[in-house]
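These notes are about the structure you will find just below.
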Amino acid sequence: LDADGKLLGYRNLDSIREKLAPILLRRTRAEVLTQLPSRTDTTVYVEMAEAQKGPYAEHQHVLARLLQKKYLTEVDRRRILACVTNLRMLCGSTFLLDKQTNVSPKLEELSELLGELLGHDPARKVVVFSQWEVMLHKAAEVVQARKLGFAMLHGSIPGPQRRKLLERFRDDPDCRVFLSTDAGGTGLNLQTADTVINLEVPWNPAVLEQRIARVHRMGQHRPVQVFNLVMRH
């Protein structure tokens, strides 16, 4: 642990496992695969960093002032939508707003999740979704820091190249992570993976289900895990 109580690493795990062996039944994921439910959804709450709180409060204040108005003009409505969007982006990373800093507890949590999910299963693959292309690029930095191969899909990538990205994710065992916005369109098949990480929960529940359905679909023979990253409060 560091001075703030944050976990930095582990040690003596083998001796701990040895001591716990008589009283703890331990099974790897591969051993219980057939017993797992077909889909498991987990909400992962993260805490807002200090650097996010100030800008967040400013946009909250503007939003509250607008919502108190008796009559809303079209400009007011656009400003309300902009404020709510800015609040959502701030929960992802400060970089989405200021293009300079990159304070992001969600990206830190993503790094931890990838380490846990992919560190012990060399065949496992993960799909990471975000509404924002900029957030995906920041997630790609996290994946690269983990020394993991990845592919990235967003609206700027033309159709023929998209097909090559999908084929690489499907066929290349070193391509462990697929980063995608919601621009993939219907029919996008990512069932090579068995895990979905949503860096934010879409406003429209149907979009969330569409994301998950790209992995949890007919022909998927493995249980699918879904992790939704949510800023607490």
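For region 56-210, carbon and sulfur atoms together expose 54% of the accessible surface, with a 1.4 angstrom probe and every protein chain in place.
In this view, the solvent-accessible surface of Glu58, computed with a 1.4 Å probe and all protein chains in place, comes to about 120 Å². In the complete set of protein chains, residue-level accessible area for Ser156 is approximately 90 Å², probe 1.4 angstrom. Highest mean packing comes first when the peptides 50-56, 224-230, 125-131 are listed by Cβ atoms within 10 Å, giving 125-131, 224-230, 50-56.
The residues of the chain have, on average, 60 Å² of accessible surface per residue, using a 1.4 Å probe with all protein chains present. Computed over region 85-171, the alpha-carbon pair-distance distribution with 10 angstrom bins reads 15, 45, 32, 9, each value a whole percent. Between amide H atoms placed 1.01 Å from N, distances below 5 Å from Arg176 occur with Gly149, Phe150, all of them 5 or more places distant or on a separate chain.
Computed over the chain with a Gaussian network model linking Cα atoms closer than 10 Å, the most mobile of Lys147, Lys19, Lys99 is Lys19.
Within region 16-123, the ratio Rg/Rh, alpha carbon atoms throughout and Rh by Kirkwood, equals 1.21.
I need the calculated FRET efficiency for the pair Asn204 and Ala21, taking r as the beta carbon distance and R₀ as 45 Å, to the nearest 0.05. The calculated FRET efficiency here is 0.40. Other residues within the sphere of radius under 14 Å centred on the Cβ of Ala49, judged by their own Cβ, net out at -2 (K and R +1, D and E -1).
Taking a sphere under 11 Å around the Cβ of Arg79 and counting the other residues whose Cβ falls inside, with K and R at +1 and D and E at -1, yields a net charge of +2. Note that region 126-133 has calculated 3J(HN,Hα) couplings of 10, 10, 10, 10, 8, 5, 10, 4 Hz, one per residue in order, obtained from phi through the Karplus relation 6.51 cos²θ - 1.76 cosθ + 1.60 (θ = phi - 60°); glycine and proline are x. What share of Cα pairs, in percent, lie more than 26 angstrom apart in the chain? Of the Cα pairs, 46 percent sit more than 26 Å apart. Whole-Hz Karplus values for region 101-118 come out as 8, 9, 8, 8, x, 5, 5, 5, 5, 4, 4, 5, 4, 4, x, 6, 6, 9 Hz, taken residue by residue from phi with 6.51 cos²θ - 1.76 cosθ + 1.60 and θ = phi - 60°; glycine and proline positions read x. Scalar couplings 3J(HN,Hα) for region 3-10, obtained by applying the Karplus form with A = 6.51, B = -1.76, C = 1.60 to θ = phi - 60°, are 5, 8, x, 7, 6, 9, x, 10 Hz; x denotes Gly and Pro. Here's how it looks for Leu188: its modeled amide H is under 5 Å from none belonging to a residue 5 or more places away or on a different chain. Residues whose amide H lies under 5 Å from that of Glu200, counting only those 5 or more places away or on a different chain, are Gln131, Leu229; hydrogens are built 1.01 Å from N in the peptide plane.
Where a ≥ b ≥ c are the square roots of the eigenvalues of the C-alpha gyration tensor, would you call region 155-230 rounded, which needs a/c under 1.5, or, failing that, prolate if a/b is larger than b/c, or oblate? Taking the square roots of the gyration eigenvalues as a ≥ b ≥ c, region 155-230 is oblate.
The values are calculated or read from the model by the stated rules, or taken from the named source; none is laboratory data. Just so it is clear, the model here is predicted, and its values are computed rather than measured. Positions of Cβ are generated from backbone atoms using ideal geometry, with glycine treated the same way; all protein chains shown enter the neighbour counts. Protein only, heavy atoms only, side chains kept; ligands, DNA and RNA dropped before computing areas. Shrake-Rupley method; radii C 1.70, N 1.55, O 1.52, S 1.80 Å.
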